[in-house]
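Data block below; observations after.
The values are calculated or read from the model by the stated rules, or taken from the named source; none is laboratory data. Quantities reported herein were computed from a predicted structural model and do not represent experimental measurements. When we count neighbours, we look across all protein chains shown, and the Cβ atoms used for this are built from the backbone with ideal geometry, even at glycine. The accessibility values were calculated without ligands, DNA or RNA, using every heavy atom of the protein model including side chains. Shrake-Rupley method; radii C 1.70, N 1.55, O 1.52, S 1.80 Å.
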Amino acid sequence: MRITNQNPTLGVELRDLDIATATKETAKTVASLLLRHLVVIIRDQNVSSADHVSFSAKFGRLEEFPARPGDPDSYDPDKMPWMKYIFRVANERSQGYTKVGLYWHTDGYFHAQPTAVSIMRPVDLPDRGGDTWFANMYQAYDMLAPDLRKKVDGLTAVSRSAPGARSGTGLFSGGPVEVVRHPLARPHPLTGRKALYLNLGSIASIEGLHWRETDDLLKQLTAHIETADCRYCHKWQSGDIVMWENGAAAHMATPPPEGSLRVMERTTVDGVEYFESDFWREAARAAAVVPSYEDQLAL
Ligand SMILES: [Fe+2]
């Protein structure tokens with residue numbers, strides 16, 4: 001495997017790695033790079049959905065999803081057991097869930113132990129557009145003005161809706177609604193470094209704030225993410241496998257031009273085992289992420 005590009009904010013690009021034949025040791029190296037760079041882009045992977053799932057499973061237990069639009073007609077859960085681990089997003093209703101994640105968010109925010117890692121593969125790409133923005137939320141937190149950082153430090157966000165309810169996509173509507181709380185400034189469960197942690201589609205309120213103050217603060221934080229030097233824009237290429245670490249990177253989809261088709265398949269590593277496994281502890285040690293100065297003082 002070769003590192004062929006490294007962005008100053010977040011994101012590292014790898015080549016000469018075949019995910020279909022990758023060993024667990026290779027996966028651990030990739031996990032380590034992920035903890036250090038927060039986004040890992042593996043180029044030139046012409047792999048199947050099954051390969052995507054088996055590679056993803058090397059990083060921990062995968063989250064499962066209900067049957068969805070875009071399932072192949074021939075889909076039989078017994079014959080295609082990997083399909084339940086794939087979440088498909090598209091800009092065409094018959095191909096997958098639409099209007100997903102067009103705002104800054106981390107995946108699985110609505111879980112008490114949120115999704116650890118997401119791994120995405122393009123199935124159909126438009127000629128242009130449909131980019132995904134990523135933000136380094138360690139940096140976003142570090143770059144907050146001191147008074148805003150002090151305010152954010154004491155606040156807890158409440159997610160009390162099914163995913164997508166606030167943004168209107170209605171994903172999984174009718175499913176159980178969990179009420180979960182996350183600190184807005186959240187120490188990363190593996191590295192201990194504090195990151196700004198939010199999902200603008202899931203946060204229903206912030207404890208102790210009037211809804212108007214909540215809206216104002218979330219707008220202020222969005223403006224901060226978009227003006228602080230902490231972002232990377234990923235322009236998808238066919239054959240990409242892009243992984244992101246939800247504890248320290250936020251992301252935002254952008255719609256492709258009208259009339260073009262964009263279909264993506266995504267797997268997600270459950271956050272529950274992530275924090276406890278030797279695999280991830282060893283990857284974190286190898287990544288040697290240095291806590292920010294403030295975090296070191298607090299340790
Ligand atoms: Fe997402």
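If a residue must be open to solvent by 40 Å² or more (accessible area, probe 1.4 Å) and in a helix (DSSP H, G or I), how many such residues does the range 263-286 contain? Steps first, please.
First, the residues of the range 263-286 that are open to solvent by 40 Å² or more (accessible area, probe 1.4 Å): 272-273, 276, 278, 281-282, 285-286.
If we keep only those that are in a helix (DSSP H, G or I) as well, we get 272-273, 278, 281-282, 285-286.
So the answer is 7.
Going through the range 222-247 one residue at a time, which ones are touching a residue at least 40 places away in the same chain (Cβ under 8 Å) and not in a loop (DSSP other than H, G, I, E, B)? Full working, then the answer.
Our first condition is that a residue be touching a residue at least 40 places away in the same chain (Cβ under 8 Å); within the range 222-247, this holds for 222, 224-225, 228-247.
If the condition is that a residue be touching a residue at least 40 places away in the same chain (Cβ under 8 Å) and not in a loop (DSSP other than H, G, I, E, B), then Thr222, His224, Ile225, Arg231, Tyr232, Cys233, His234, Ile241, Val242, Met243, Trp244, Glu245 are the ones that fit.
(1) modelled with pLDDT of 95 or more; (2) open to solvent by less than 40 Å² (accessible area, probe 1.4 Å); (3) not polar (S, T, N, Q): which one isn't true of Leu171, the others all being true?
So the condition that Leu171 fails would be (1).
Filter the strands (runs of 3 or more DSSP E) completely within the range 67-166 down to those with at least 2 residues that are more than 13 Å from the ligand (Cβ to nearest atom) and open to solvent by 10 Å² or more (accessible area, probe 1.4 Å). Working first, answer last.
On the way: elements: 87-90, 117-124, 132-136, 156-159.
Counting at least 2 such residues, we get 117-124.
Test Leu198 against the stated conditions and say whether it is closer than 28 Å to Lys99 by Cβ, surrounded by 14 or more Cβ atoms within 10 Å (Cβ to Cβ), touching a strand residue (DSSP E or B) at 6+ places or on another chain (Cβ under 8 Å) and at pLDDT 95 or above. Steps first, please.
On the way: closer than 28 Å to Lys99 by Cβ: yes; surrounded by 14 or more Cβ atoms within 10 Å (Cβ to Cβ): yes; touching a strand residue (DSSP E or B) at 6+ places or on another chain (Cβ under 8 Å): yes; at pLDDT 95 or above: yes.
In short, yes.
Give me the residue from the range 248-270 that is of a type in the set (Gly, Ala, Ser) and more than 14 Å from the ligand (Cβ to nearest atom) and, out of that set, farthest from Gly192 (Cα to Cα). Break it down into steps so the answer makes sense when it comes.
Initially, the range 248-270 is screened for residues of a type in the set (Gly, Ala, Ser), giving 248-250, 253, 259-260.
Next cut, more than 14 Å from the ligand (Cβ to nearest atom) only: 248, 259-260.
Values: Ala248: 11, Gly259: 45, Ser260: 42 Å.
Result: Gly259.
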